Structures are given as C-alpha cells and as structure tokens.
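A short write-up of the structure that comes next.
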Amino acid sequence: MEKTSKIYIAGHRGMVGSAILRQLEANGHTNIITRTSSELDLRNQEAVQEFFETEKPDYVFLAAAKVGGIHANNTFRAEFLYDNLMIEANIIHAAHLSGVKKLMFLGSSCIYPKMAPQPLKEEYLLTGPLEPTNEPYAIAKIAGIKLCESYRDQYGSNFISVMPTNLYGYNDNYDLQNSHVLPALIRKIHEAKDNGAPTVTVWGTGSPKREFLFADDLAAACVYLMDNYDGRELVNIGTGEDVSIKELALLIKDVIGYEGELEFDTSKPDGTPRKLMDVSKLHSLGFKHKIELREGIALAYADFKEKYVTA
Ligand SMILES: NC(=O)C1=CN([C@@H]2O[C@H](COP(=O)(O)OP(=O)(O)OC[C@H]3O[C@@H](n4cnc5c(N)ncnc54)[C@H](OP(=O)(O)O)[C@@H]3O)[C@@H](O)[C@H]2O)C=CC1
Ligand SMILES: C[C@H]1O[C@H](OP(=O)(O)OP(=O)(O)OC[C@H]2O[C@@H](n3cnc4c(=O)[nH]c(N)nc43)[C@H](O)[C@@H]2O)[C@@H](O)[C@@H](O)C1=O
C-alpha cells in the first residue's frame, strides 16, 4: 500500500477496525475512508454498491461484523448468520464491481471443527462438525472465506482471508451479556473488588482453553499481510499459546488485585473445549505478535477504567 492509497476500513469504530486505523495512521497513511453503521448500513446492497462506485477505494479491510461472545452467538443466531452474510457479500461483490486492488476478509478461529486436532491448521477447515453455540456465525465466516476464494478463482480478485484467534484490547465490548470472556472478567472482577463482593462468577467449568491476541498485534498483522501476502489460502493469526478460562480468571484477579474467590456457574455453556491455532504459516510469512497476555490484560484494564469507571 502506498501512503496515498485510498484505504477503506469497514468497521473502523470497532475494537479491530479502530486498531487497524491507528496502525495505518502510525504508518503515515493519509487517505483512509470510513463510515459508521448509521452512515452506511453494510447490509444494504444498493447503498454499499453506491458507496464503492463513488469512493473507489484501492484497499479494503473488512472488519465490520455482528460480533459477540458465546451467549450472544447462541442467543441471536439468526442475526449472527444474516448480518454477517449480508455485510461480507455486499462488500466483497461491490469491491469486485468497483475494481478494488486488494481486500482482506476477517474470519475467526471458530470456523474450525469443534474436535479438530490441536493446534488448528488452516487445512482443517470443513473437516468436521462445528461448535453448536456459534455455528451460525462460523457458517457466515466460512461463506466469507469461500466468497474470497471464488472471486479470486472466477475474476482474479486479490481477496485474502485471515483467521484471528480470540481478541481483546482497546475499545473492547464490556457488556456482561454479549461480550467475550476476557473483557467480561475484567469488568466483573473490577466491580467485585470495588464493591467488596466475596466472590466472582465465571461461566462454565473453567476448563476450556482459549488463545488471546491483543487487537493492536492483530492490526499490525493485518497491515503486514495486506502488504506481504497475496495467497488463496487462509492465514491463522494468533499467539500460538493458550490458557484455561480458570487460569485466565486467576491472572485477571492478580492484575486487578482482587482478593475474593472465583465460583463457576456450570449452567452456562463451555463451548469449544479448545481452539489453539497453528501460526507457523504466519511466522513463515515474517510476522510474530509482541504483546503477551499479562501485559495485554493490564493495558485493556487501564482502557476499561479510563472509559467506564467514574472517578
Ligand atoms: N473480538 C474478537 O474476539 C474477534 C473478532 N473477530 C473478527 O474481527 C472483526 C472485528 O471484530 P471486533 O472489532 O471485535 O467487533 P466490534 O463489535 O468491536 O466492531 C464491529 C464493527 O462492525 C460494524 N458493523 C456491525 N454491523 C454493521 C452494519 N450492519 N453496517 C455497518 N457496520 C456494521 C460496527 O460499526 P459501528 O460501530 O459504526 O456500529 C463496528 O464498528 C469481525 O469480523 C470479527 O468477526 C475475529 C475473531 C475474534
Ligand atoms: C472469538 C470467538 O468467541 C466466541 O467463542 P468463545 O471463545 O467460546 O466465546 P467467549 O469468549 O464468550 O467464551 C469463552 C469461554 O469463556 C467462558 N466464560 C467464563 N466467564 C465468561 C463470561 O463472563 N463471559 C463470557 N462471554 N464467557 C465466559 C465461556 O463459558 C467459554 O467457555 C465465539 O462465539 C465467536 O465470537 C468467536 O469467534
């Protein structure tokens, strides 16, 4: 990407989109276009095509989506399938029609089969049944991958797909019902410490394992791959290490300095037992993450306090 290339970030206000915006601006890019969902509802095909015909971006980061944790995915199943199918189909088709030079689609590690061997290699896609709690979202993401592959096959489009692991960082979602585990535990443990509550409830058994990548590391990987990868195959983006939910909760408890106890609500689903990604392809392409989990939790906690905690 040239410094003056016209770059569209779909979802620029989100945790990932805002990190990609920060990364591009830090790299000296000056021609970045953005739209909020109220300015441009990406589920509206006509509006999306009009936007692309008018703006004609050279590069597109497709980071807009209906996103949430295990409870949100399992509750709003139709929205997670419909919104994400419409957003990706509209953007990918409009990018083709308007002659976009290159597009990056963001999938997710939940596209891989529930019981696939670990660590998950890119070629394990579609080799087994998915995790039921987020199957609609995963199907939409797999469709996005297949759209990029098919437009490349039929039209020669340079559309690439990357598969981020579980993410956290600045501008995360701290809604206790719809967020992912890491921000939810930061908020719950902070509030328990603040209120002097003796216990904090953790959903599930605490035994599932998850891999967590700081969103600014993901953004750096996305910008790097937009400049250095033109392949048809998926690229997993992660740290290559995972922790159990219980270990995560104890780590957050330690960072925040909460003395109370953790209790596990096994009426809540565990979801996928493990989804550690094989990141050897990412490393062979020349990228490795920088921010380790404890440091990242401290950064995310500082952001949470700055944004959500009144002095
Ligand atoms: N968070 C995570 O743990 C992971 C996320 N990902 C993927 O990364 C990408 C970004 O996720 P994340 O940043 O966490 O998500 P956020 O929820 O933080 O941001 C999503 C963005 O999508 C935009 N958006 C949603 N629906 C519409 C719509 N109908 N029209 C226009 N814009 C819309 C929102 O725009 P606005 O703010 O203007 O409403 C928002 O900025 C997604 O593709 C997600 O699937 C992958 C793996 C893990
Ligand atoms: C990125 C990925 O994220 C989603 O998958 P997930 O990783 O299962 O989502 P999660 O972060 O919400 O949960 C991880 C684990 O953590 C446990 N857990 C404990 N306590 C809380 C808690 O308080 N909140 C939440 N949300 N989970 C909790 C929870 O029970 C589960 O065992 C996909 O839907 C999909 O969006 C996707 O691709």
> Residues in segment 95-113 that are part of a helix (DSSP H, G or I), buried (at least 23 other Cβ atoms within 10 Å of the Cβ) and either more than 16 Å from ligand 2 (Cβ to nearest atom) or of a type in the set (G, A, S) (or both): how many?
Replying inline: 2
>> Looking only at segment 170-190, how many residues end up being within 11 Å of the chain's Cα centre (by Cα) and more than 7 Å from ligand 2 (Cβ to nearest atom)?
In response: 1
> Only one residue in L248, L234, L299, L282 is within 11 Å of ligand 2 (Cβ to nearest atom), of a type outside the set (K, R) and under 22 Å from the mean Cα position of the chain (by Cα), so which one is that?
Replying inline: L248
>> Between K268, K281, K305, which is among the basic types (K, R) and in a loop (DSSP other than H, G, I, E, B)?
In response: K268
> What number of residues in segment 134-148 are within 13 Å of ligand 2 (Cβ to nearest atom) and surrounded by fewer than 22 Cβ atoms within 10 Å (Cβ to Cβ)?
Replying inline: 3
> In segment 97-113, which residues are more than 10 Å from ligand 1 (Cβ to nearest atom) and touching a strand residue (DSSP E or B) at 6+ places or on another chain (Cβ under 8 Å)?
Replying inline: V100, K101, K102, L103, M104, Y112
>> Looking at segment 284-297 only, could you name the residues that are assigned to a helix (DSSP H, G or I) and either touching an Asp or Glu at 6+ places or on another chain (Cβ under 9 Å) or open to solvent by less than 20 Å² (accessible area, probe 1.4 Å) (or both)?
In response: L293, R294, G296, I297
>> Residues to consider are E233, E241, E263; find the one that is assigned to a strand (DSSP E or B), modelled with pLDDT of 95 or more and open to solvent by 20 Å² or more (accessible area, probe 1.4 Å).
In response: E263
>> Could you go through segment 114-124 and let me know if any residue there is at pLDDT 95 or above, part of a loop (DSSP other than H, G, I, E, B) and more than 16 Å from ligand 2 (Cβ to nearest atom).
In response: yes
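Results for (1) without any contact (Cβ under 8 Å) to a residue 12 or more places away in the chain; (2) within 16 Å of ligand 1 (Cβ to nearest atom); (3) of a type in the set (S, T, N, Q), shown as yes or no for each residue.
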{"site": "V279", "(1), (2), (3)": "no, yes, no"}
{"site": "R294", "(1), (2), (3)": "no, no, no"}
{"site": "D303", "(1), (2), (3)": "no, yes, no"}
{"site": "E306", "(1), (2), (3)": "yes, no, no"}
> Say we look at segment 51-69 and pick out the residues that are surrounded by 22 or more Cβ atoms within 10 Å (Cβ to Cβ) and within 15 Å of ligand 2 (Cβ to nearest atom); which of these is farthest from V162 (Cα to Cα)?
Replying inline: G69
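Here is a yes/no grid of residues against (1) surrounded by 22 or more Cβ atoms within 10 Å (Cβ to Cβ); (2) within 15 Å of ligand 1 (Cβ to nearest atom); (3) free of Cβ contacts under 8 Å to residues at least 12 places away in the same chain:
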site	(1), (2), (3)
F159	yes, yes, no
M163	yes, yes, no
Y174	no, yes, no
P183	yes, yes, no
E191	no, no, yes
T199	no, no, no
> Identify, please: which residue in segment 15-45 is open to solvent by less than 30 Å² (accessible area, probe 1.4 Å) and not in a helix (DSSP H, G or I) and is, among those, nearest to ligand 2 (Cβ to nearest atom)?
Replying inline: L42
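The values are calculated or read from the model by the stated rules, or taken from the named source; none is laboratory data. Quantities reported herein were computed from a predicted structural model and do not represent experimental measurements. When we count neighbours, we look across all protein chains shown, and the Cβ atoms used for this are built from the backbone with ideal geometry, even at glycine. For the accessible areas, the whole protein counts, side chains as well, though only heavy atoms, and no ligand, DNA or RNA atoms are used. Shrake-Rupley method; radii C 1.70, N 1.55, O 1.52, S 1.80 Å.
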